[in-house]
Amino acid sequence: MQSRRPAHPVRFLSALLGLLALIGAGLWAAMAPARAGDVFTVHGVVVDVTAENARDARVKALDQGRALAFRTLLERLTPQAMHASLPRPTLETLVESELAVEVDREKASSVRYIAEVTYAFRPTEVREFLRLNALSYSENQARPVLVVPVLVLRGTGPQGEPMEQALLWEPENDWAAVWRDPRFSSSLLPVETPFGDTEDLLALDAEKALNAQWADFAPLAARYRADEVLLAVATVSREAQGRTEQVDLTLARLSEDGLETAQGTAQGAAAVPEPGQTRIPTIARPLALEAIDIAMAPWIERWKEKTLVSLGEQQRLSATAVFRSGLADWRAIETALAEIATIIDHRVLALSATGAEIELTFAGSVDQLALLLAQRTVSLSALNNLWVLEAGAVASGVAPSELDPASRPPVEQIYLTPATAPPAAYRPGAPDPYAGEPGPAAEVDDWNRARSAIDPGASQMAPVGQ
C-alpha cells in the first residue's frame, strides 16, 4: 500500500485561513471598526487663478494646487521644526508623485478658475523624496479616536440676559459635520464620528458629555469598540451685528486612564448660508477647522516624535508568534503587520496551529515597532532572549522600552543612510526648475563619496547645469 505524504502545514493552514476568510467576509466587514484614511491624500486644496483664458487658468491652478498639496503633505509627515527648511521638489518630482486628482466646487469664467481639489500622491515616490533628502518622517497613523462633538451657542435672551444652548445629536449641530471632513481621516491622529442614531442618543446626551466623566462615555465607547474618546466642545459667540464670530474649542481625551485637554481659538467672519440654502450654519466652518488645527497640533507633534523614522535606518528581527486563541490570533497579528507602513517586509518562516516564526524588516526602532503594534492590540516583548508576538494587550515577556539595549534579543541592522543629504537643487536626471544657479560642486562631491561608501554602484549626482 502506497503511503501518502501529509499536507505541508504552512500550505494547509494558509488554505484553511483563506476558506475561513471567504466564509466570514460579510460578518467581518460588518463588525470591523471604521478605518483611518490615506495619509498620502491631501483634501480641500483651494485654488484661485486668473489667466489669459479659462484653459490656462485651470492648468495653472491645478499646477499650483499640486505644489501646495505636496508641501502640505510634507508638513503632515515631518516634525514642525523641519518645516522652515523643507526642500522644494522639482516639477518632475511633483508630476511623477501625483497619483490622482479630484476636483470639487469648480467655478470658471473666461479668465478665472476656482476650485477645491483633492490630490492623492504615490507613497513610493514620496518616500523616495524623503529618503533622498534625509528627512525623518512619520506616516503611521494612531488608532482612530471616537469624537463626541458638543456645540455650545452663546447669545442673549429677550430681556438681554445671557443664554447658552448645548447641542450634540440635534440636526442643527453643524459642528458634528465639520468632524466628518475627510482631512481628519488622513491625519496622523485620525478620528471616527458616531452615527448619531437613536442608540447613540440613548447612550449619551449633551449634559452628561459636558461633565467629562469616562463612566458616562463608556457605553458609547463600547458600541464603537473605542478605548479612547475625544470630547470636542466648541463654544460659539457672535458679536451683536452678526458679522463676526469667535470659536473657543476645548478638546478632552478621555479613557479609563484619565483625561488630557487642549485648547484652540479662532476668530473671523461669521457663518453664512451655503449656496442653495437659507439656514445660517451654527458655526463657521473655516473658523472651526482653524481651531481644531491649533488644538490638535501639540498631540500630533508628540505622536510624530514617538513614531519618527528614516528609511535609511532599517532593521531585521525574528519573532515567535504565539496563538493562544487559534486562528483568530493569527488573523489579528497578520492584519497588524500589514497595516504598519514602516514594516517593509514580513516573511512567515514556519506556521502551525499554535504559532509561527516570522522575520520582520522595518524602519525605525524596536520601541517604535512595539508602540505601533500595541496601537493594533498586538504585543511585542522579549522572553528568554526571543522576540515574542501575541494578539491582545497582555504580553508574556518584557516590553522593549523596559529592557537595557545590551540585554535585548538579537536585532540586525541592515542598512544605513549618509548623515548628509543631497541639496534640494540636485536630483538625478533633471535640473530643478526652481533653482536657477548651480550650487557648490564640493557639496555634491561630499554626498557622492558618502553614497558610494555604502553602495559602490550608486549613480553619481552632478550640480545643475553640468
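Does THR361 fit the bill of being assigned by TED's automatic domain parsing to the domain that holds ILE333 and surrounded by fewer than 16 Cβ atoms within 10 Å (Cβ to Cβ)?
Here the answer is no, as THR361 does not meet what is asked.
When you scan region 39-70, how many residues do you find that are crowded, with 20+ Cβ neighbours inside 10 Å, among the small types (Gly, Ala, Ser) and within 30 Å of LYS304 (Cα to Cα)?
Residues in region 39-70 being crowded, with 20+ Cβ neighbours inside 10 Å, among the small types (Gly, Ala, Ser) and within 30 Å of LYS304 (Cα to Cα): 2 in total.
Being surrounded by fewer than 20 Cβ atoms within 10 Å (Cβ to Cβ), at pLDDT 90 or above and among the aliphatic types (A, V, I, L, M) is the filter here; which residues of region 345-358 pass it?
Result: VAL348, LEU349, ALA350.
Have a look at ILE294, ILE283, ILE358, ILE300 and point out the one that is among the β-branched types (Val, Ile, Thr), in contact with a Ser or Thr (Cβ under 8 Å, 6 or more places away or on another chain) and outside any helix (DSSP H, G or I).
Result: ILE358 is the single residue among ILE294, ILE283, ILE358, ILE300 that is among the β-branched types (Val, Ile, Thr), in contact with a Ser or Thr (Cβ under 8 Å, 6 or more places away or on another chain) and outside any helix (DSSP H, G or I).
Is it fair to say VAL117 is in a strand (DSSP E or B) and under 21 Å from PRO190 (Cβ atoms)?
Against the criterion (in a strand (DSSP E or B) and under 21 Å from PRO190 (Cβ atoms)), VAL117 does not qualify.
Does VAL148 meet the test of being in a strand (DSSP E or B), β-branched (Val, Ile, Thr) and in contact with an Asp or Glu (Cβ under 8 Å, 6 or more places away or on another chain)?
It is false that VAL148 is in a strand (DSSP E or B), β-branched (Val, Ile, Thr) and in contact with an Asp or Glu (Cβ under 8 Å, 6 or more places away or on another chain).
List the number of the failed condition for ALA288; all other conditions in (1) in a strand (DSSP E or B); (2) touching a helix residue (DSSP H, G or I) at 6+ places or on another chain (Cβ under 8 Å) hold.
Only one criterion in (1) in a strand (DSSP E or B); (2) touching a helix residue (DSSP H, G or I) at 6+ places or on another chain (Cβ under 8 Å) is unmet by ALA288, namely (1).
Restricting the search to region 96-150, which residues are touching a residue at least 12 places away in the same chain (Cβ under 8 Å) and of a type in the set (Val, Ile, Thr)?
Of region 96-150, the ones touching a residue at least 12 places away in the same chain (Cβ under 8 Å) are 96-104, 108-123, 125-127, 129-150.
Correct list: VAL101, VAL103, VAL111, ILE114, VAL117, THR118, VAL126, VAL145, VAL147, VAL148, VAL150.
Kindly establish whether ALA319 is of a type in the set (Gly, Ala, Ser), in contact (Cβ under 8 Å) with a residue 60 or more places away in the chain and not assigned by TED's automatic domain parsing to the domain that holds VAL152.
yes
For region 388-404, give me each residue that is touching a Leu at 6+ places or on another chain (Cβ under 9 Å), within 21 Å of ALA328 (Cβ to Cβ) and modelled with pLDDT of 90 or more.
VAL388, LEU389, GLU390
From the list GLU260, GLU274, which residue is more than 25 Å from PRO162 (Cβ to Cβ) and in a loop (DSSP other than H, G, I, E, B)?
GLU274
Would you please name the residue that is surrounded by the fewest Cβ atoms within 10 Å (Cβ to Cβ), looking only at residues in region 230-245 that are of a type outside the set (A, V, I, L, M, F, W, C) and in contact (Cβ under 8 Å) with a residue 40 or more places away in the chain? Break it down into steps so the answer makes sense when it comes.
To start, the set of residues in region 230-245 that are of a type outside the set (A, V, I, L, M, F, W, C) comprises 235, 237-239, 241-245.
If we keep only those that are in contact (Cβ under 8 Å) with a residue 40 or more places away in the chain as well, we get 235, 237-238, 245.
Details: THR235: 18, SER237: 14, ARG238: 17, GLU245: 19.
The qualifying residue surrounded by the fewest Cβ atoms within 10 Å (Cβ to Cβ) is SER237.
The values are calculated or read from the model by the stated rules, or taken from the named source; none is laboratory data. None of the values given here were measured: they were computed from a predicted structure. All Cβ positions, even for glycine, are placed from backbone atoms using ideal geometry, and neighbour counts span all protein chains on display.
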